[in-house]
Ligand SMILES: [Zn+2]
């Protein structure tokens, strides 16, 4: 849906601008969830403008709108970089946003706006998100999060599916965290270490999931079916050779931490960002810990690889050094156990009862 707001042709809403009232379709109901979350963050962070761009047929207009919002000489606030590379980094950032829009993928980026910017604040958090792609219904929401083609997976019981409305909130909270993290803690630092980019991506995914699950508990209480199912889904990412989103431990730690805290309902987003940082640092550790985790994850992917055969050649040729003893076994066993819990059927390669996954989720 394209809207004229203040004479500017836009590809959804500049948060804080009045939306066209029409709740009659499911699509509008999903848009309303996104707007509600972003308006909440806009009130909490008055120096940041939040813009939601959607893909599909609106992608081209979204890109044009984004250029107007940014103005001339805008800078990327997510990645530390030398001043002379600023405009190259902006080019890459804009191309990445275009790619995310063209693939209907969820992403976020934070910029300092430049001269003549249409944005009303000094920083712009850009979220690309197609609510229909991510969360049209419970099955779509769940399949979108699973690491392999859903056709290769058994049907899961309906009460194991992710509630799509809660999930859309979670995705917005997760993406907004990446902006707020850069706003509050500064850009991702530069390093010439070989796997630094992957390490920082891994750390940031843990932080974003920890923050978003805390937001979920603040709104819906703990021990929801959603948080249980989410943790199971995140425990399955190694089946698709995706170790950066293997975050069940951070979700679990955050749920533990906030269960102890009687003041969660009063915690501001700032306080939850700080807590998410603490959790992610606790769980991921330092760069060397990360390399040990990657080695173990690589080994776990190979052991559970019957669904990820296309990845095995690349995995075998990408060593990360020695792994922590026993870590690969525990990753395999959690993956396999959560697979049984999710699908009510064991993983062929490494069957495990669901009890370990269920115990982890308590
Ligand atoms: Zn993320």
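FYI, it's all coordinate maths here, none of it is from the lab. Computed from a predicted model, the values in this text were never measured in an experiment. Note that each Cβ is placed from the backbone with ideal geometry, even for glycine, and that neighbours are counted across all protein chains shown.
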Rounded to the nearest 500, what is the 222 nm mean residue ellipticity of the chain from helices alone, with -39500 (n - 2.57) per DSSP H run of 4+ residues and division by all residues? -17000 deg cm²/dmol
Checked region 137-362 with the C-alpha gyration tensor, a ≥ b ≥ c its square-rooted eigenvalues, rounded below a/c of 1.5, otherwise prolate if a/b is larger than b/c and oblate if not; verdict oblate
Specify the angular offset, from 0 to 90 degrees and rounded to the nearest 10, of the alpha carbon long axis of helix 248-260 from the longest principal axis of the alpha carbons in the chain. 80 degrees
Relative to the chain, whose Cα atoms define the longest principal axis, helix 225-234 and its Cα axis are tilted in degrees, nearest 10, by 80 degrees
Could you give the angle, 0 to 90 degrees to the nearest 10, between helix 327-343's Cα long axis and the longest principal axis of the Cα atoms of the chain? 80 degrees
Cut-off 10 angstrom, C-alpha nodes, Gaussian network model of the chain. Which of 141, 305, 106 fluctuates the most? 305
Packing rank of 61-70, 129-138, where each peptide gets the mean count of other beta carbons within 10 Å, highest leading: 129-138, 61-70
Work out, step by step, the length gained on full extension between residue 39 and residue 137: first 0.36 nm times the residue separation, then minus their alpha carbon distance; give nm to one decimal. 33.0 nm
Just to check, using Stokes-Einstein with a Kirkwood Rh over alpha carbon pairs, what's the diffusion coefficient of region 29-154 at 37 °C and 0.692 mPa s in µm²/s? 209 µm²/s
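Can you put 222, 159 in order, fewest other beta carbons within 10 Å first? Working shown, then result.
Working: 222 15, 159 9.
Sorted ascending by nearby Cβ count, the order is 159, 222.
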Test of understanding: what is the full-extension gain from residue 219 to residue 68, defined as 0.36 nm times their sequence separation minus their Cα-Cα distance? 50.9 nm
Mind ordering 167-173, 331-337 by average Cβ neighbours within 10 Å, highest first? 167-173, 331-337
In whole Å, what is the distance between the alpha-carbon centres of region 249-278 and region 177-241? 13 Å
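Determine the equivalent ellipsoid of region 59-113 by diagonalising the alpha-carbon gyration tensor, then write out the semi-axes as square roots of 5 times the eigenvalues, largest first, rounded to whole Å. Please report the intermediate quantities before stating the final value.
On the way: eigenvalues 75, 33, 16 Å².
The three semi-axes for region 59-113 are 19, 13, 9 Å.
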If eta is 1.306 mPa s and T is 10 °C, what Stokes-Einstein diffusion coefficient results for region 224-293, Kirkwood Rh from Cα pairs, in µm²/s? 119 µm²/s
Among 257, 234, what is the fewest-to-most ranking by other Cβ atoms within 10 Å? 257, 234
